[in-house]
Amino acid sequence: MSETELILVNISGSDRPGVTSALTEVLARYDASILDIGQADIHHTLSLGLLFKTNASVSGNIMKELLFKASELGVQIKFTPVTRYDYEQSVTNIIAAQKLNIDSIQRLTGRAPLDEDVESKARACVEFSVRGNPTDLQQMQSEFMRLSATEDFDISLQEDTMYRRCRRLVCFDMDSTLIETEVIDELAVRAGVGDKVKEITARAMRGEIDFDESFRERVALLQGLDESVMRDIAEKLPVTEGVERMMCVLKRAGFKTAILSGGFTYFGNYLKNKFGFDYVYANELEIQDGRLTGRYLGEIINGRRKAELLRLLAQVENINIAQTIAVGDGANDLPMLTTAGLGIAFHAKPKVKATAGQSISTIGLDGVLYFIGFKDSFISDGSNTFNY
C-alpha cells in the first residue's frame, strides 16, 4: 500500500468565479481527500489555503497538474508538506467546492480525524459566503438538491438576509422526525392490526391518500386498546439522533420550540417534558373506561392546520414569519415547510425532498443547528458556556 502524504496548497492572486472549482476538480480526478480549506477575498484579491491527503504514488502528478491549472488561471501556487503531527495540532476547516465567487469559507463542524475508521463516520459542515447574482436561482437550487441525493451530502442554499441570523421559533413534526417511528404504527402492533395501519400510514405520508381520511381509518382500528400501552410505548420511544443536543442549544440560545404533529398529544407531551419544548399541538385520542374508543377529540392536526399553527405561534411570540423554522418528513408537513422562513425536510420521503427547498438526509436532527449557522466550537458539551 502506498504511503499517505499530506500537502498544504496556498493560492493567491486576482479572484474570479471558478478558481476554487477548477483546482478541486484536479484533486477529484485523483480521488484526493480534502481535509481543510479556508478562503478569503479582499478587494478582489484571493487568498486560498487547501490541505489534502493522497497516496505518495500520485502526489507528484497532482502537484504538476495544479501548477499548470494555476498558470492558466493566473494565480500563484505554493506547496508545503504537512506532517501528521502538524495536522492534528492545527485548527482547520473542512469544505466542499462552491462554483459561485466565494468571499469567505468557515467550518462549522469539528476537524476530520486522520484515522480511517473514524474518518468514515466523521461529519463535516462548511459555510460558504458567496457573492454574485445567479442567472437562474431555481435551477441552481435544483442542482444542489440533485447533488445532495446522488453524492450523499446535504446542501442548504439560503439568502443572507437580516432574518437568517435571527430565527426565533422552530417547529417540528414528531413521528419520523423527533422520533424514529410512527407512533400510530406502534399502537397498531399492540392492537394486532399493525399491517393494516402501516399500509395506510405509508400511503398517507407519500401523499397518495387524504391525511384526514387515513387518520380516521387508522384510529378506528385502535378501538379497545388498553391506555396503559401508551405509557409503555412512550418510555421506549426511539428518539432521533441529535435531538437532545439540538434542544439543549436551542433553549440556551433563547429559541422557542414547538411540536406540530399529526400524531398524538400523549407522546408529544412526553417529549415536551423530557426535552423542554414550549408548545405541543397534536391529536387527542378518546379514552373511556381505560381503553381507546377508536375515536379522537377536536380538530385533526393535518398539513393545513400545521401551517396555521405555525403562523399563530409566530403571532403569539410577536416575531416575523421569516424568523420561523419548520422541520418535517412527510407530505402533510409540506404546508408548514413552505410557510416557514426556513423549511427543512428531514430524512424525508422523495416527494417531500423534491418540493422542499432544504433537506437533511445524512446526519442527525442537530444538523438543524448548522442550517442556522451554529459552530461546533460555540457549543461546550457538559457546561453552561455558550457563544452566539
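Here is the result for the range 302-331: no trypsin sites (Lys or Arg not before Pro) lie in DSSP coil with at most 15 other C-beta atoms within 10 angstrom of their C-beta. Taking all protein chains together, His44, His347 sort by accessible area into His44, His347, largest first [probe 1.4 Å].
Measuring between alpha carbons in the structure, the pairs from Lys69/Lys353; Lys196/Lys256; Lys198/Lys272 lying more than 31 angstrom apart are Lys69/Lys353; Lys196/Lys256.
Show log10 I(q)/I(0) for the range 1-86 at q = 0.21, 0.26 Å⁻¹, two decimals, from a solvent-free Debye sum over equal Cα scatterers. For the range 1-86, the Cα-only Debye profile gives -0.97, -1.42. Average projection, convex hull of the Cα set of the range 172-287: 7.1 square nanometres. In this structure, the amide hydrogen of Arg291, modeled 1.01 Å from its nitrogen in the peptide plane, lies closer than 5 angstrom to those of Glu227, counting only residues at least 5 positions away or on a different chain.
Of Arg164, Arg16, the residue with the largest accessible area leads and the full order is Arg16, Arg164 (1.4 Å probe).
Exactly which GluC sites (Glu not before Pro) in the range 182-249 are in a DSSP loop and have at most 12 other Cβ atoms within 10 Å? Don't skip to the end; give the middle numbers.
Working: sites: Glu182, Glu186, Glu199, Glu208, Glu213, Glu217, Glu227, Glu235, Glu241, Glu244; in loops: Glu182, Glu208, Glu227, Glu241.
For GluC sites (Glu not before Pro) across the range 182-249 that sit outside H, G, I, E and B with at most 12 neighbouring Cβ atoms in 10 Å, the list reads Glu208.
Sum up the charges of everything whose Cβ sits under 15 Å from the Cβ of Arg165, counting Lys and Arg as +1 and Asp and Glu as -1, but leave Arg165 out. Present the calculation step by step, with values, prior to reporting the outcome.
Numbers: positive: Arg164, Arg167, Arg168, Lys375; negative: Glu127, Glu159, Asp160.
Taking every Cβ under 15 Å from that of Arg165, the sum is +1.
Here Thr181 sits with roughly 20 square angstrom of accessible surface, probe radius 1.4 Å.
Using the per-residue mean of other Cβ atoms lying within 10 Å as a proxy for protection, in what order, highest first, do the peptides 29-38, 359-368, 61-70 fall? List each step's numbers first, then the result.
Working: 29-38: 17.8, 359-368: 20.8, 61-70: 16.1.
Listed from highest to lowest mean packing, they are 359-368, 29-38, 61-70.
Computed with a 1.4 Å probe on the full set of protein chains, the accessible area for Tyr163 sits at about 70 Å². Near the amide H of Ile179, within less than 5 Å, lie the amide hydrogens of Thr240, all on another chain or at least 5 residues away, with H placed in the peptide plane.
State in Å² the accessible area per residue of the range 239-281; use a 1.4 Å probe, count heavy atoms of protein chains only, and round to the nearest integer. Present the calculation step by step, with values, prior to reporting the outcome.
Values: 1640 Å² over 43 residues.
For the range 239-281, the solvent-accessible area averages 38 Å² per residue.
Figure note: Ile233, Ile77 ranked by solvent-accessible area, largest first, 1.4 Å probe, ligands and nucleic acids not counted: Ile77, Ile233. Label-to-label distance for Gln315 and Thr338 is 2.1 nm, based on points extended 7 Å past Cα in the beta-carbon direction.
The values are calculated or read from the model by the stated rules, or taken from the named source; none is laboratory data. Here the structure is a predicted model, which means the values were calculated and not measured. All Cβ positions, even for glycine, are placed from backbone atoms using ideal geometry, and neighbour counts span all protein chains on display. Just so you know, the surface numbers come from the protein's heavy atoms only, side chains and all, with ligands and any DNA or RNA stripped out. Shrake-Rupley method; radii C 1.70, N 1.55, O 1.52, S 1.80 Å.
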